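The values are calculated or read from the model by the stated rules, or taken from the named source; none is laboratory data. Treat the numbers as computed from the prediction; the structure is a model and nothing was measured. Cβ sites come from the backbone with ideal geometry, for glycine too, and all protein chains shown count toward neighbours. We work out accessible area using only protein heavy atoms, side chains counted, and drop any ligands, DNA or RNA first. Shrake-Rupley method; radii C 1.70, N 1.55, O 1.52, S 1.80 Å.
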Amino acid sequence: MKKQFNRMRQLANQTVGRAEKTEVLSEDLLQVEKRLELVKQVSHSTHKKLTACLQGQQGVDVDKKSVRSPSVRSKPEKMLKLCGETQDRLAQELIMFELTIERDVIEPLYDLAEVEIPNIQKQRKHLAKLVLDMDSARTRYYQSTKSSGLSSNLQPTGAKADHLREEMEEAANRMEICRDQLSADMYSFVAKEIDYASYFQTLIEAQAEYHRKSLELLQSVLPQIKAHQETWVEKPCYGKPLEEHLALSGRDIAFPIEACVTMLLECGMQEEGLFRIAPSASKLKKLKASLDCGVLDVQEYSADPHAIAGALKSYLRELPEPLMTFELYNDWIQASNIQDQDKRLQALLNACEKLPPANNNNFKYLIKFLSKLTEYQDVNKMTPGNIAIVLGPNLLWTHNEGNITEMMTTVSLQIVGIIEPIIQHADWFFPGEIEFNVTGNYGSPVHTNHNACNYSSMPSPDMDQIDRKQNDQSRRPLSVATDNMMLEFYKKDGSSVSTFN
C-alpha cells in the first residue's frame, strides 16, 4: 500500500515538476498544436452543415437521387411539360453539384477533422506518456545513485545500476523518436494548410458553377415559356389594360363587351332597370370568372340579363384606365362646361376623335348599343339620362378618386352631361350601322336605330321631351352602391332624370 502511494506521488511530481523542465516541443510546434483544435472544430462544423444542406442522401449514386417528373395530361400540357423538363435538368445540376461537394469538400473535411488531426492529437498524448515514463526511469536511476552514497558525478556500478541506466536511456530514446515523429506530422500539417484552405475555395467554385449552369438553363428556357404564354388564348381580361387584352386575343372589341352586349340584345333590351338593378352576387362572380377564362354558356345566363349587365359594368369599372382615358379627362370636362349646345356637341366630337383607336372602337360599339337600348325606354325605363347616371362613372373617372360623397359633386354632373348627349346623338357621333356580333357566335341582329334621324346640321339635345318625375324610393337596389345617392343628388340639383317606374 505504501509503495502504491509513493508511486502516485511520484507520477504527480513528475507531471507538475520535472515534465515542466523537459522541453518536449519547440515554441513553433506549440503554436501549431493550438491551431490543431481550432482547425478540427472548423472542419467538423463545416462538414456537418454541408451534409445537412444536401437535398439528397449522402453517398447515394446519381440514379437513386434522381426523381422523375410525373407525366402530365391536361390542357396546358405543353407548358407543364416544358417546366417539368426544366425542373428535371435543374435537379440533375443540383445532384452533380452535391456529388462534387461530397467528393471534393465534405469527404476531405471529414478525413481532416476525424482522422488526420485526431491522429496527431493521439500522438501528442502518447508523447506525454513517454515523457512521464522517461522521467520515472530517470528518477529511479538517480535514487539508486543516492542510495549507493556516490557523488552525482560518479556512475553507479553493478547489475541493478546498469539495468536502471539502460531503462532510462531506452525511455529517452522512445520519447525522442515519438517527438521527432510528432514534429514531422505537425510540420506536415502546417505545410498542407494551404491545401486544407483550398477545400473552401473548391466549395465556392462549385457553387458558382452550379448557379452559372442553372442560370444559363433558365435563361434558355424562359423565351420558350414566354412565347408559349403569348400564344395562350385563354387569358384573363378583367382588370387588364384594354390594348393588352385586344392584342393578346386578336380582337377589335373586348370579349366581355361583345359577349355581354350580344346577349343583352337577345334577352335584355326590354328588361326594366337594366344596368341599375343589382344581380345576384354569386351569379355575377360566376359570369365574370366565365368571361375571364373565355368559356361562356349563353343559355345559362339568358334568363338573368341583370347579371350580364353587371358583368359589363364591372369590366368597364375594373379597367386600369377608363375607356374614355385619363389623358382626355380635361377635354371631356371642358366640353361639358360649354353652354351653347351645338358647340358643346362639337367639342365632345373632337374629344371622341382624339381617343386611341382601340378605345374609340369599343366606345363606339358601346354607345351604339346604349342608343339601341333607349329605343325600348318606354318598357325598360332606361332613358339616355338614366343610362348616363349608372354607366357614366364606369366610363370616365379621375386618377385620384375620392369617397362616395366626393363622387356626388359637379364632376358627376359633368360626366352625365357628357354621356347623355353622346347616347342621344349616337348616329351623329358615329354614323352608319354596326355589327354587334363581331365574332359571329351569338346571332345578334344588325343595329338599326328605329328612331334615327338624318342629321343634316349640328343637332341639339331636346331635354324637354324627358318627363321629370319623382324617383320611386321603393324600387329595387342599384348595381352600384352610389346609384341611389346619385339619383337623389340629381333630383335635388334639378337635373333632368327620368323615373324608374
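Residues in region 342-362 that are in contact (Cβ under 8 Å) with a residue 60 or more places away in the chain and either open to solvent by less than 20 Å² (accessible area, probe 1.4 Å) or within 44 Å of the chain's Cα centre (by Cα) (or both): 345, 348, 352, 356, 358, 359, 361, 362. Quick check on residue 416: is it crowded, with 17+ Cβ neighbours inside 10 Å, at negative phi, touching a Gly at 6+ places or on another chain (Cβ under 7 Å) and at pLDDT below 95? Answer is yes for this residue. Counting residues in region 163-174 that are crowded, with 16+ Cβ neighbours inside 10 Å and either outside any helix (DSSP H, G or I) or in contact with an Asp or Glu (Cβ under 7 Å, 6 or more places away or on another chain) (or both) gives one or more.
Please indicate, with yes or no, whether at least one residue in region 137-148 is part of a helix (DSSP H, G or I), small (Gly, Ala, Ser), touching a residue at least 60 places away in the same chain (Cβ under 8 Å) and farther than 30 Å from residue 49 by Cβ. Quick ask: steps written out before the conclusion?
Taking region 137-148 and keeping what is part of a helix (DSSP H, G or I), we get 137-147.
Within this subset, residues satisfying the condition of being small (Gly, Ala, Ser) are 137, 144, 147.
Pick out the ones that are also touching a residue at least 60 places away in the same chain (Cβ under 8 Å) and you get none.
No; the residues of region 137-148 include none that is part of a helix (DSSP H, G or I), small (Gly, Ala, Ser), touching a residue at least 60 places away in the same chain (Cβ under 8 Å) and farther than 30 Å from residue 49 by Cβ.
The set of residues from region 118-147 being open to solvent by less than 60 Å² (accessible area, probe 1.4 Å) and modelled with pLDDT under 85 comprises 141, 144, 145.
Surrounded by 14 or more Cβ atoms within 10 Å (Cβ to Cβ) and free of Cβ contacts under 8 Å to residues at least 24 places away in the same chain: is that true of residue 249 in this structure? Against the criterion (surrounded by 14 or more Cβ atoms within 10 Å (Cβ to Cβ) and free of Cβ contacts under 8 Å to residues at least 24 places away in the same chain), residue 249 qualifies.
Restricting attention to region 324-341, which residues are of a type in the set (Ser, Thr, Tyr) and open to solvent by 20 Å² or more (accessible area, probe 1.4 Å)? I'd like the intermediate steps shown before the answer.
In the first step, residues of region 324-341 are kept if they are of a type in the set (Ser, Thr, Tyr); the result is 325, 329, 336.
Answer for region 324-341, where residues must be of a type in the set (Ser, Thr, Tyr) and open to solvent by 20 Å² or more (accessible area, probe 1.4 Å): 329, 336.
The set of residues in region 185-237 being under 22 Å from residue 46 (Cα atoms), among the hydrophobic types (A, V, I, L, M, F, W, C) and either in contact with a strand residue (DSSP E or B) (Cβ under 8 Å, 6 or more places away or on another chain) or open to solvent by 90 Å² or more (accessible area, probe 1.4 Å) (or both) consists of 194, 204. Scanning region 424-452 for residues that are open to solvent by 40 Å² or more (accessible area, probe 1.4 Å), modelled with pLDDT under 60 and in contact with a strand residue (DSSP E or B) (Cβ under 8 Å, 6 or more places away or on another chain) returns a single hit, 446.
Of all residues in region 245-266, those satisfying the criterion of being modelled with pLDDT under 90 and either touching a His at 6+ places or on another chain (Cβ under 7 Å) or assigned to a loop (DSSP other than H, G, I, E, B) (or both) are 250, 251. Looking for something touching a strand residue (DSSP E or B) at 6+ places or on another chain (Cβ under 9 Å) and within 20 Å of residue 369 (Cβ to Cβ) - is there at least one such residue anywhere in region 277-293? Looking for residues that are touching a strand residue (DSSP E or B) at 6+ places or on another chain (Cβ under 9 Å) and within 20 Å of residue 369 (Cβ to Cβ), one finds at least one in region 277-293, hence yes. Only one of the numbered conditions (1) at pLDDT 85 or above; (2) more than 30 Å from residue 216 (Cβ to Cβ) is not met by residue 105, and that is (2). Assess whether residue 289 counts as being open to solvent by 30 Å² or more (accessible area, probe 1.4 Å), without any contact (Cβ under 8 Å) to a residue 24 or more places away in the chain, more than 19 Å from residue 266 (Cα to Cα) and under 30 Å from the mean Cα position of the chain (by Cα). Against the criterion (open to solvent by 30 Å² or more (accessible area, probe 1.4 Å), without any contact (Cβ under 8 Å) to a residue 24 or more places away in the chain, more than 19 Å from residue 266 (Cα to Cα) and under 30 Å from the mean Cα position of the chain (by Cα)), residue 289 qualifies.
Note on region 267-377: enclosed helices (runs of 4 or more DSSP H) holding 1 or more residues that are modelled with pLDDT of 90 or more, of a type outside the set (A, V, I, L, M, F, W, C) and within 26 Å of residue 432 (Cα to Cα) are 305-318, 329-336, 341-354, 357-373.
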